[in-house]
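The values are calculated or read from the model by the stated rules, or taken from the named source; none is laboratory data. Owing to the predicted nature of the structure, the values given are computational and were not obtained by experimental measurement. Cβ sites come from the backbone with ideal geometry, for glycine too, and all protein chains shown count toward neighbours.
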Amino acid sequence: MSTITAKTALTGCLVPDVAPTGCLAPIDRTGLEGLIAAGKANPKVVKTLKCKTVAEGKFRHLNYIRSLPPYIVDEPPGLLGDDTAPNPSEASLAALGSCLAVGLHANAVHRGWTVRKLELELEGDLNITAVWGTGDVSEKPVGFTDVRVKVDMECDDIPKAEIDALIKHVQKWSPVANTFTRPVNLEVGLG
């Protein structure tokens, strides 16, 4: 099986309002403006997202979100899985990459920028010696200690400094990036 890296890629032309021949379809600018207006009109709205995780066997899990087909999570052979899907930590990197990419694309469209290329490469460091609480449970950070994201974004006639500023803005407002960087109230118990 080939090695898969945590990478979110949108290539081609991401042009506000129009999709030139051979380019990816842009997001709906009118819809985006409607979301922007709704957010400004009621900034305290909180939406609850849901996922149902069902263990299928070994370390393979089916995750049911909305009415979509199940999103599968597994472990690689080195962690006793069947290598049929990303593991939970890889899936969290993918969620971060996708959230940042959505934010970059939406903000570029909102600014009227033409995006020619958008790729994010992510990598994260974590200590797995606790083996889900069954191995070395000495005091140590659990989960990612460091995550690095490299953004390759090309926009028509936009200086690098403006793209850098956009990346910082998107990082600040990304829900998944904020989940990575600030404490979250978490309750786990019997249903």
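Okay, here's what the table says:
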| item | result |
| --- | --- |
| The stretch 57-81, residues that are at pLDDT below 95, surrounded by fewer than 15 Cβ atoms within 10 Å (Cβ to Cβ), not in a helix (DSSP H, G or I) and not hydrophobic (A, V, I, L, M, F, W, C) | GLY57, LYS58 |
| Among residues of the stretch 82-106, those that are assigned to a loop (DSSP other than H, G, I, E, B) and either within 8 Å of the chain's Cα centre (by Cα) or among the basic types (Lys, Arg) (or both), counted | 0 |
| Any hit, the stretch 85-93, residues being crowded, with 19+ Cβ neighbours inside 10 Å, closer than 17 Å to VAL176 by Cα, out of contact with any strand residue (DSSP E or B) (no Cβ under 6 Å at 6 or more places or on another chain) and of a type outside the set (Ser, Thr, Tyr) | yes |
| Residue in the stretch 107-115 that is surrounded by 14 or more Cβ atoms within 10 Å (Cβ to Cβ), outside any helix (DSSP H, G or I), at pLDDT 95 or above and over 10 Å from the mean Cα position of the chain (by Cα) present | no |
| In the stretch 148-166, the residues that are farther than 16 Å from TRP113 by Cα and surrounded by 12 or more Cβ atoms within 10 Å (Cβ to Cβ) | VAL149, VAL151 |
| Any chance LEU120 is in a helix (DSSP H, G or I), touching a residue at least 40 places away in the same chain (Cβ under 8 Å), touching a Leu at 6+ places or on another chain (Cβ under 8 Å) and buried (at least 16 other Cβ atoms within 10 Å of the Cβ) | no |
| Criterion: assigned to a strand (DSSP E or B) and loosely packed, with under 12 Cβ neighbours inside 10 Å - qualifying residue of THR129, THR145, THR48 | THR145 |
| In the stretch 148-184, the residues that are of a type in the set (Lys, Arg) and in a strand (DSSP E or B) | ARG148, LYS150 |
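Yes or no, residue by residue, for (1) modelled with pLDDT of 95 or more; (2) within 17 Å of the chain's Cα centre (by Cα); (3) polar (S, T, N, Q):
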| site | (1), (2), (3) |
| --- | --- |
| GLU119 | no, yes, no |
| GLU123 | yes, yes, no |
| LYS140 | no, no, no |
| VAL170 | yes, yes, no |
| ALA177 | yes, yes, no |
